[in-house]
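Here is the structure we will look at, set down as structure tokens.
The values are calculated or read from the model by the stated rules, or taken from the named source; none is laboratory data. Computed from a prediction, not measured in an experiment: that's the story for all the values here. Counting neighbours? That spans all protein chains shown, and the Cβs are built from the backbone with ideal geometry, glycine included.
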Amino acid sequence: MTALAAPRLSRPGLAAGAALVLLATLSLLVGVIDVSPARLMRDPEAWELIFASRLPRTLAAILAGAGLGVAGLVMQALSRNRFVESTTAGTDQSAAAGVLLMTILFPAAALPVKTLGAAAAALAGTSVFLAIAQRLPPSQPYLVPLFGLIYGSVIGSAALFVAWQTDLVQYFAVWTRGEFSGVLRGRYELLWISAVMVGVAWWAADRLTILSLGRDVSTGLGLDYAAMMRLGLVIVSVISALTVVVVGAVPFVGLVAPNLVTRLIGDDLRHAAPWTAFVGASLTLVCDLIGRVIRFPYEIPVGVVMGVVGALLFLWLLFGRRARG
Amino acid sequence: MILVENVSHAHGPNRVLHDVSLAIPRGGVTALIGPNGAGKSTLLSLIGRLLPLQAGRIHVDGLPVDATPGRELAKRLAILRQDGAVASRLRVRELVGFGRFPHSRGRLTAEDRAHVERALAAFDVMGLADRFVDTLSGGQRQRALIAMAFAQDTPVLLLDEPLNNLDMLHARELMRRLRASADAEAKTIVAVLHDINHAAAYADRIIALREGRVVADGAPCDLLTPETLSVVFGQPLRVERIDGTPVVLHHL
């Protein structure tokens, strides 16, 4: 259970770390303003650009991607369904509705306060989703994400209506469509809390894995099922709220990263959580890079790129599974 | 020691158990038998605190199951249900390792690992130890789940239809293991069994339920008679004796 507990020390772990460093370096160098290594040698202004914009953007992509991946993994353990993530469980839509309400009711509130409101709304929305999802027949696993999609759309539409009435549609679009181009120093640091949540998930990995075996097994092993469920919900809701508020919702990361990882190394969160964080971060970084170069010098939001890349990966996961039996 | 006093239970409008009382002393194998819907699984789940107690009292080793912390009980009783971990992508060794959770709370010690390896060997799943549970056949998965319950290493073991999906040789091997643990380690084992002949050959005591009531309770030799079986199952069954052990010819 713990032999491979620290993938950083294993050989695949080192390779993964090297890959992420490589991607991050690329991300620092790619953009409208030329920041080649040669220019960095002689121009201090280039360094300023790196620290003010490129590095925050790169870190935001890594933090958001890692967080969303792990949030998806935890969500799948809570719901005991592999096709659930924060965009298909009403979590992101609830978070967006929450920050919208905070903006209407307390327009002067600071960003952390609004984020707290978003997290509370995400918690409430996801709790309702799980309460209903547990009543769906377990013999029909596809019903759960289907229900989640409809449920999320209902919340999203209601919130959009409110945004329309209050002239906040533009803001609402920012929260519901992930984009890293606006990320600057001083405007992404809240995302570090997402990293803390990933740490909490790793700390509670054994208990979350037992939770994924169901209520009876959890109770039989002496786990406080309800308390563990609450902890999982808090992890998912906080990560979702932070991502929605800081960069906007990014779809598919929470679906594709955990499914890729658990397919290969299994459901034990002790191993799966660090790898899911890595895959989520890399995937998000790659999609952001694609969005930056595909229509250079214009940018395509990461949410859009991820929609295409993630959907393709997900289809491959679905049908690849069947082909291999 | 398991003490059940005046337990009644209802699933919605259906009364499943009616005022059941029984005492199961420490050590030995007890088989719960009875037709489908007799309340066997409900009784086992209530003893294993997987269902909330509605009426009556249940004590395990003197501890009330509804008021003792879950962690405390998990060191005293392990329960195997009929439908665990079907779609889980855990390796068999990881799954069995989680059976040690009540003792280790996560990180496995060398002693925990020894328990895991023993359980893997005892139920013939050593060769499957690195396979994912969702790739196993029904019988292999059943053995992995039983190994997990055994790894929990509790004085009381509750098994709901442990012979499910097992071929006859693995079924016999499991019953021998249960017998051996009861004899050598004084474990208290209560199992819901549908194969009445395994109960006859390996149990010390058979408790028969019908429509939520205990209708017969005693040693296999005394209990397995055409008359008693007729009371339990509603029709007389032929019983022969081979080497002193009753054999119910239910298929003839």
Could you tell me which of the residues A:Ser194, A:Ser181 is under 27 Å from A:Gly307 (Cα atoms), more than 14 Å from chain B (Cβ to nearest Cβ), hydroxyl-bearing (Ser, Thr, Tyr) and in contact with a helix residue (DSSP H, G or I) (Cβ under 6 Å, 6 or more places away or on another chain)? A:Ser194
May I ask you to list the residues in the range B:212-222 that are in contact with a Lys or Arg (Cβ under 9 Å, 6 or more places away or on another chain) and in contact (Cβ under 8 Å) with a residue 24 or more places away in the chain? B:Gly212, B:Asp217, B:Pro220, B:Cys221
Could you please let me know if A:Val245 is of a type in the set (Val, Ile, Thr) and either in contact with a Phe, Trp or Tyr (Cβ under 6 Å, 6 or more places away or on another chain) or part of a loop (DSSP other than H, G, I, E, B) (or both)? no
So A:Val250, is it over 30 Å from B:Arg93 (Cβ atoms), in a loop (DSSP other than H, G, I, E, B) and more than 9 Å from chain B (Cβ to nearest Cβ): yes
Filtering the range B:61-92 for residues that are in contact with a strand residue (DSSP E or B) (Cβ under 8 Å, 6 or more places away or on another chain), of a type in the set (Lys, Arg) and over 22 Å from B:Asp134 (Cα atoms) leaves a count of 1
Can you name every residue in the range A:217-240 that is within 14 Å of chain B (Cβ to nearest Cβ) and of a type in the set (Gly, Ala, Ser)? A:Ser218, A:Gly220, A:Gly222, A:Ala226, A:Ala227
Identify all residues within the range A:128-146 that are small (Gly, Ala, Ser) and crowded, with 16+ Cβ neighbours inside 10 Å; write none if there are none. A:Ala133
Restricting to the range B:1-36, what's the tally of residues that are in contact (Cβ under 8 Å) with a residue 24 or more places away in the chain and assigned to a loop (DSSP other than H, G, I, E, B)? 6
The residue from B:Ala31, B:Ala78 that alone is at pLDDT 95 or above, more than 14 Å from every other protein chain (Cβ to nearest Cβ) and either buried (at least 18 other Cβ atoms within 10 Å of the Cβ) or more than 30 Å from A:Thr262 (Cα to Cα) (or both) is B:Ala31
Restrict the check to the range A:232-254 and report whether at least one residue is of a type in the set (Phe, Trp, Tyr) and surrounded by fewer than 22 Cβ atoms within 10 Å (Cβ to Cβ). no
Are there any pairs with C-beta distances below 6 angstrom linking a residue in the range B:178-202 that is in contact (Cβ under 8 Å) with a residue 24 or more places away in the chain to a residue that is of a type in the set (Asp, Glu) and surrounded by fewer than 22 Cβ atoms within 10 Å (Cβ to Cβ), with the two at least 6 apart or on different chains, and if so which? B:Val192/B:Glu161
Restricted to the range A:18-66, and to residues that are closer than 26 Å to A:Pro251 by Cα and assigned to a loop (DSSP other than H, G, I, E, B), which residue is modelled with the lowest pLDDT? A:Val32
Look at the range B:81-122 and say how many of its residues are surrounded by fewer than 17 Cβ atoms within 10 Å (Cβ to Cβ), outside any helix (DSSP H, G or I) and among the basic types (Lys, Arg). 2
Subset tally (residues that are within 23 Å of B:Thr154 (Cβ to Cβ), outside any helix (DSSP H, G or I) and in contact with a helix residue (DSSP H, G or I) (Cβ under 7 Å, 6 or more places away or on another chain)) for the range A:198-236: 5
Residue list for the range A:253-284, restricted to those being over 25 Å from A:Ala122 (Cα atoms) and away from chain B (no Cβ under 14 Å): A:Ser282
Could you check the range A:197-216 and list, in sequence order, the residues that are facing chain B (nearest Cβ under 10 Å) and crowded, with 17+ Cβ neighbours inside 10 Å? A:Ala204, A:Ala205, A:Asp206, A:Arg207, A:Thr209, A:Ile210, A:Ser212, A:Leu213, A:Gly214, A:Asp216
B:Arg113 vs. criteria at the interface with chain A (Cβ under 10 Å from one of its Cβ atoms) and in contact with a strand residue (DSSP E or B) (Cβ under 6 Å, 6 or more places away or on another chain): no
Checking A:Asp224 against (1) surrounded by fewer than 22 Cβ atoms within 10 Å (Cβ to Cβ); (2) over 20 Å from B:Arg89 (Cβ atoms); (3) within 20 Å of the chain's Cα centre (by Cα); (4) not hydroxyl-bearing (Ser, Thr, Tyr), which single condition isn't satisfied? (3)
Counting only residues that are touching a Gly at 6+ places or on another chain (Cβ under 9 Å) and either crowded, with 19+ Cβ neighbours inside 10 Å or on the phi > 0 side of the Ramachandran plot (or both), how many does the range A:175-187 have? 5
In the range B:211-233, the residues that are in contact with a Pro (Cβ under 7 Å, 6 or more places away or on another chain) and either surrounded by fewer than 18 Cβ atoms within 10 Å (Cβ to Cβ) or at pLDDT 95 or above (or both): B:Cys221, B:Pro226, B:Ser230
